[in-house]
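Each remark here refers to the structure printed beneath this line.
The values are calculated or read from the model by the stated rules, or taken from the named source; none is laboratory data. These numbers were taken from a predicted model, which means no experiment stands behind them. Backbone-built Cβ (ideal geometry, glycine too); neighbour counts: all protein chains shown.
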Amino acid sequence: MRSKKFWLSATVTSLITAGILSYPTILHWQVEKRIPKGVTFSDVSLGTSGVTLKNVNIQKDWISGHLDTITSDFDGKNITVTGGELTANIDSRHKTPDNHTNTPQRNITASNLSVTALFKGHKINLENVHTSGHKICFSTAKLSDPHVTTSSGCYDKESNTVTVETISAKHIEFHGAGISDLTAKNITYDTKAHTARLDTSSAQITFKNQTFTVSTSGTTASKQTGSVSMESLKVKHGWLSSDWITMKNVKVTTQPNLQLSVENSITHVDPENLTISGSENCSTWVNSLPQEIKVPPLDTVKLSGTTNFSIGFHPKPSFTLKSDCKATCSSLPNLRKPFTYSTYTPDGKKFQRETGPGSKEWIPLDSTGDMWRAVTNMEDPGFEHHHGYITQAFFNSFIDNIKHDRFLRGGSTITMQLVKNVWLNREKTLSRKVQEFFLAQALESCYSKDEIMELYLNVVEFGPNRYGVGHGSHHWFKKGPGELSPVESFWLASILPRPSRTGPPTEQSLKKIKSLIKQLATNDRIPADMLDYLEEEAQQESEPQEPTTLGQ
């Protein structure tokens, strides 16, 4: 009897021991039967709430990698993934037929994952991937080519949006332009609508050896419409201005053609030929200018007429410009009475000077002798015929600036020079040239050529801190402008490009002026009687002087 009890007890014990010892193997086998093919694991444990797999390897369709642990409840509806590395080939996933339409919904949570995503030739590495409710988040993301880095971000499965705090890139090549030091903040991308919004962004863009610093705010981009709009676009470049210029309500569209709109103006862009062109009302162009450019009186002048232009860089430079802007004269400051304007000492200090008809130092045009003729020939031979600007002069400047790779000259007329001296600063930039272009046409539509010349002669600098033709003639020749000889008048006009860096007239410089006058008279640019003056002067110089006696 005792022997039977012993053997029965031993048998039960052996069965229990065998069951305990074989439990992991049986559990492993049972779990393997229930998980998808391509998923293996080295260890499994059973708890009160579910099953935990350890050292899980995945090699399935479009995803592969290693996971530290996977914990699932008994129904397989709630799964927790912790630690590991995964590679997801998004392109392969799109090509794989969807055979899992009846697969039940699972609640998957994850933490501390490293994920590499392959998509259309790009490789993206995401670190510390984790879930938070209906969001999948990460601490950093890196795109390998081009090299782009992001800070923390999340994908919201409910709204189908990706949000990222910051994106940065050291250098990106884009359609022939180099984009450096790119930084964007508070980015939201809608994966269904294919739209992106950036709160702010900044970068340096290099194109044709020119580097522009750019900053934007309120940017929205749409793949569907092929457009990018910005509430504000700030640009800084030495050619444009010494400081930032700010454009509002900027939009770039690619459908059907590439064009740039600022406020209500539209500029068309031909990338193949590197050509930009546009045609708008003069008032539309001015209203679309950056605030930094719309200085008085450009900010209040009322213009009519149209301006159209085309600037090309390839295969060779081209330039066309037509404009017939006219001003409502009451919208311009009154220059037919005394007024003040900003002038500068040789060391750059600004001071205010009064001039204008009726002012103390004003010299009427009919009291300036040959100065009007000298200035016209030396500074603006087409003065009597243009409407404030000369297209060919702009084109010549355009070519020179391209050749020297900097803003060297601007093709100013006498009217544009007057506008600069009376209302604008001394910057040699494209912004100031735009200001001069519109204001010169406004001035030409409200003042006669004689009035413009009279203003010019009384305003511009004719020597170091010698403003106005009266000061200039007395400084250099000790007499008024109406008493100057033709040679003296032309010499005085010749120093206008660099009046503050000019020395007194010399025998050699006056000889050059005489040769110039002869050439101008020969070409019928000035009256022939000026040659008579030169002959009389030469004859006087050749006559012997009466001897003088000491003491007389």
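Of these, 254, 306, which one is farther than 26 Å from residue 389 by Cβ and more than 15 Å from the chain's Cα centre (by Cα)?
None of the other options fit; the residue is 254.
Got a sec? Which of 246, 220, 200 is at pLDDT 95 or above and in contact with a Pro (Cβ under 9 Å, 6 or more places away or on another chain)?
Matching residue, one of 246, 220, 200: 246.
Identify, from the list 161, 116, 149, the residue that is touching an Asp or Glu at 6+ places or on another chain (Cβ under 8 Å), modelled with pLDDT of 90 or more and over 23 Å from residue 68 (Cα atoms). Quick ask: steps written out before the conclusion?
Working: 116 fails: over 23 Å from residue 68 (Cα atoms); 149 fails: touching an Asp or Glu at 6+ places or on another chain (Cβ under 8 Å).
So the residue among 161, 116, 149 that is touching an Asp or Glu at 6+ places or on another chain (Cβ under 8 Å), modelled with pLDDT of 90 or more and over 23 Å from residue 68 (Cα atoms) is 161.
Here is a list of conditions, (1) without any contact (Cβ under 8 Å) to a residue 60 or more places away in the chain; (2) out of contact with any strand residue (DSSP E or B) (no Cβ under 9 Å at 6 or more places or on another chain); (3) under 18 Å from residue 420 (Cα atoms), and residue 460 meets all of them except one; can you say which number that is?
Of everything listed in (1) without any contact (Cβ under 8 Å) to a residue 60 or more places away in the chain; (2) out of contact with any strand residue (DSSP E or B) (no Cβ under 9 Å at 6 or more places or on another chain); (3) under 18 Å from residue 420 (Cα atoms), residue 460 misses just condition (2).
Considering the stretch 294-313 alone, what residues qualify as being over 20 Å from residue 444 (Cβ atoms) and hydrophobic (A, V, I, L, M, F, W, C)?
Once the filter is applied, which keeps residues that are over 20 Å from residue 444 (Cβ atoms) and hydrophobic (A, V, I, L, M, F, W, C), the stretch 294-313 yields 311, 313.
Which pairs turn up if I take residues in the stretch 504-532 that are hydroxyl-bearing (Ser, Thr, Tyr) and look for partners that are part of a helix (DSSP H, G or I) with beta carbon separation below 9 Å, at least 6 apart in sequence or on another chain?
509/491; 509/494; 522/531
So that you can scan it fast, the table gives a plain yes or no per residue for (1) out of contact with any Gly (no Cβ under 7 Å at 6 or more places or on another chain); (2) more than 30 Å from residue 471 (Cβ to Cβ); (3) modelled with pLDDT of 95 or more:
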residue: 299; (1), (2), (3): yes, yes, yes
residue: 311; (1), (2), (3): yes, yes, no
residue: 314; (1), (2), (3): yes, yes, no
residue: 317; (1), (2), (3): yes, yes, no
residue: 333; (1), (2), (3): yes, no, yes
residue: 337; (1), (2), (3): no, no, yes
residue: 355; (1), (2), (3): no, no, yes
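Looking only at the stretch 324-333, decide whether some residue is surrounded by fewer than 13 Cβ atoms within 10 Å (Cβ to Cβ) and among the basic types (Lys, Arg).
no
Among the numbered conditions (1) at positive phi; (2) at pLDDT 95 or above, tell me where residue 375 comes up short.
(1)
Working only within the stretch 297-310, note down all residues that are touching a helix residue (DSSP H, G or I) at 6+ places or on another chain (Cβ under 7 Å) and not charged (D, E, K, R).
Result: 297, 298, 300, 301, 303, 304, 305, 306, 307.
Residues are listed down the side, and each one gets a yes or a no for (1) in a loop (DSSP other than H, G, I, E, B); (2) touching a residue at least 60 places away in the same chain (Cβ under 8 Å):
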| position | (1), (2) |
| --- | --- |
| 314 | yes, no |
| 319 | no, yes |
| 322 | no, yes |
| 341 | no, yes |
| 353 | no, yes |
| 361 | yes, yes |
| 376 | no, yes |
| 382 | yes, no |
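If you go through the stretch 476-504, how many residues are surrounded by fewer than 22 Cβ atoms within 10 Å (Cβ to Cβ) and outside any helix (DSSP H, G or I)?
11
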